[in-house]
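Novice: One structure is given below, represented as structure tokens, and several questions about it will come after.
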Amino acid sequence: MAKGKFERSKPHVNIGTIGHIDHGKTSLTAAISKYLALKG
């Protein structure tokens, strides 16, 4: 049985971060994600 094509209805972005442990990468990524979600 063939699966239907997945349609993306929302724009998406991948956020990649590099850096040393405990330098705020997760907090920064969460803040950016929250800002973009609220912005719409």
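None of the figures in this text is laboratory data; all of them are computed from the coordinates on show. Small disclaimer: the values here were computed from a predicted structure and weren't measured. Neighbour counts are summed over all protein chains in view; Cβ atoms, including those assigned to glycine, are modelled from backbone coordinates with ideal geometry.
Novice: Among the listed residues A2, A31, which satisfies the condition of being free of Cβ contacts under 8 Å to residues at least 12 places away in the same chain and part of a helix (DSSP H, G or I)? Write out each step before concluding.
Specialist: Working: A2 fails: part of a helix (DSSP H, G or I).
Being free of Cβ contacts under 8 Å to residues at least 12 places away in the same chain and part of a helix (DSSP H, G or I) holds for just one of A2, A31, which is A31.
Novice: Considering only residues that are at positive phi and out of contact with any helix residue (DSSP H, G or I) (no Cβ under 7 Å at 6 or more places or on another chain), look in the range 2-40 and name the one that is surrounded by the most Cβ atoms within 10 Å (Cβ to Cβ).
Specialist: G24
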